[in-house]
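Only one structure is covered here, and it is reproduced in the block below.
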Amino acid sequence: MLSPERQIGSSSAGLLWSCDGCWVEEPASLSSNLHDMQSLVLALVFLSVVFVGSAGAGDWTTRQDGRFGFSYSYPADLFGEIEGERPSFHYFQSPGTQAKFLVGAWDNERGGTPSEFKQWMLTHADGYQDITYQPRGRSWFVLSGHRGDQIYYEKTIFSCGGRIVNVLAIAYPEAQRDRFDPVVERMEDYFKSGRRCD
């Protein structure tokens, strides 16, 4: 299991991530095509943190990304935006806790498919051993399950004929699932890929 203190760095082949002292580097043969995918996986696994606070009804904010056009909604009384590693992602944290979620997108320049990306995640990233929910469609998939005492939910949508990859990821403690499952469901419902494909 990846620790919250996981280090992120870079190498000549791309980004690296560590899991309790082990370093995994993306395969050189996939480097060009999966560079951004690995960065995403780093951020997704990073979300296995303690989620404390109220997720009840409150003010929700809906935003649209200026570059890729995806839209997302979140409870504004629970999350505030923070700085993150990648400019094409939006990172959020719950004040006073380690709870985080992210949304983002990137250009799929080499044309990887949803099934290829999913398989790459399952093969090269830690934290996907206990998947309990994984629906999929022609241009999207979801991975959800447990990482220790955390529940994670990650949705990936390929848009613009597969040229853009859009991602929403969030994690929360299983002990709080009755409180946070409805929040995740609403966030997933409002997460839409961009319609601008020029």
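Tabulated data
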| item | result |
| --- | --- |
| Residue in the range 69-83 that is farthest from ALA171 (Cα to Cα), counting only those that are out of contact with any Phe, Trp or Tyr (no Cβ under 6 Å at 6 or more places or on another chain) and surrounded by fewer than 20 Cβ atoms within 10 Å (Cβ to Cβ) | GLY69 |
| Residue in the range 143-158 that is modelled with pLDDT of 90 or more, loosely packed, with under 13 Cβ neighbours inside 10 Å and of a type outside the set (Phe, Trp, Tyr) present | no |
| Candidates ARG179, ARG86, ARG186, ARG138, filtered to the one that is among the basic types (Lys, Arg), at negative phi, assigned to a loop (DSSP other than H, G, I, E, B) and surrounded by 13 or more Cβ atoms within 10 Å (Cβ to Cβ) | ARG86 |
| Residues that are surrounded by 13 or more Cβ atoms within 10 Å (Cβ to Cβ), part of a strand (DSSP E or B) and free of Cβ contacts under 8 Å to residues at least 40 places away in the same chain, drawn from the range 103-135 | ILE131 |
| Residues that are surrounded by fewer than 18 Cβ atoms within 10 Å (Cβ to Cβ) and among the hydroxyl-bearing types (Ser, Thr, Tyr), drawn from the range 159-176 | none |
| Candidates ASP149, ASP107, filtered to the one that is over 14 Å from the mean Cα position of the chain (by Cα), among the charged types (D, E, K, R) and under 26 Å from GLN176 (Cβ atoms) | ASP149 |
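The values are calculated or read from the model by the stated rules, or taken from the named source; none is laboratory data. None of the values given here were measured: they were computed from a predicted structure. Using ideal geometry, Cβ is built from the backbone for each residue, glycine included, and neighbour counts are taken over all protein chains shown.
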